[in-house]
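Here is the structure we will look at, set down as structure tokens.
The values are calculated or read from the model by the stated rules, or taken from the named source; none is laboratory data. The model shown is predicted, which means the values in this text are computed figures rather than measured ones. As a convention, Cβ positions derive from the backbone with ideal geometry for all residues, glycine included, and neighbour counts pool all protein chains shown. Just the protein is used for accessible areas: all its heavy atoms, side chains included, with ligands, DNA and RNA removed. Shrake-Rupley method; radii C 1.70, N 1.55, O 1.52, S 1.80 Å.
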Amino acid sequence: GLRGRGGGERYQLVGFTTLYRDHRGARSSASCDDAMDTGECYRLRISQFVILPHFQRSGHGGSLLRHIYRQARESPEVAEVCVEHPSDRFTMLRDRTDSAVVVELGLLEAVTAPEPSYEDLRRRLKWSRTQLRHLCVSVIRKVVYSRPAPPSS
């Protein structure tokens, strides 16, 4: 962290997010089989996601989104992470972050398969089927298939 006048750590607000639990329809998700018996299964919905202007384009948004994803994956009660009415800029951030998360978790091959197993990916990533399809079709395949072919020897 930053050092304050007295030598102690100083913190700055760089952004914030608002999350809430949406219990509607979450029981039908395969991602929270363990929590089904208790009735505690829910969708974690991102309602607001703000990085203050001075701190934008510094990686803070991606870090915050990765943290939300990590917490969701570690929580058996979370069926999936959804976003309420994402803006175009948030969609671009999410696409970049989701692509990086897929690579970091070693799931690129599963996502780029001709017929991806959406249910398995939903269970592992806790993302909605719509977001997974978008990621597979619109983002990763564009990147993978737009790479220049390796030179033939």
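The condition (being open to solvent by 70 Å² or more (accessible area, probe 1.4 Å), modelled with pLDDT of 90 or more and assigned to a helix (DSSP H, G or I)) is satisfied by just one residue among 133, 124: 124.
Filtering the range 79-95 to residues that are under 21 Å from residue 20 (Cα atoms) and within 12 Å of the chain's Cα centre (by Cα) leaves 80, 81, 82, 83, 90, 91, 93, 94. Filtering the range 54-90 to residues that are touching a residue at least 40 places away in the same chain (Cβ under 8 Å), of a type in the set (D, E, K, R), closer than 21 Å to residue 104 by Cβ and open to solvent by 20 Å² or more (accessible area, probe 1.4 Å) leaves only 73.
Residues that are within 17 Å of residue 128 (Cβ to Cβ), part of a helix (DSSP H, G or I) and of a type in the set (A, V, I, L, M, F, W, C) within the range 44-91 comprise 65, 68, 72, 90, listed in sequence order.
Within the range 96-117, the only residue that satisfies the criterion of being open to solvent by 30 Å² or more (accessible area, probe 1.4 Å), under 24 Å from residue 42 (Cα atoms) and within 15 Å of the chain's Cα centre (by Cα) is 105. The requirement of being in contact with a strand residue (DSSP E or B) (Cβ under 9 Å, 6 or more places away or on another chain) and either among the charged types (D, E, K, R) or modelled with pLDDT of 95 or more (or both) is satisfied by residue 47.
For the range 16-44, the candidate set comprises residues that are basic (Lys, Arg) and open to solvent by 60 Å² or more (accessible area, probe 1.4 Å); within that set, the residue that is modelled with the lowest pLDDT is 27.
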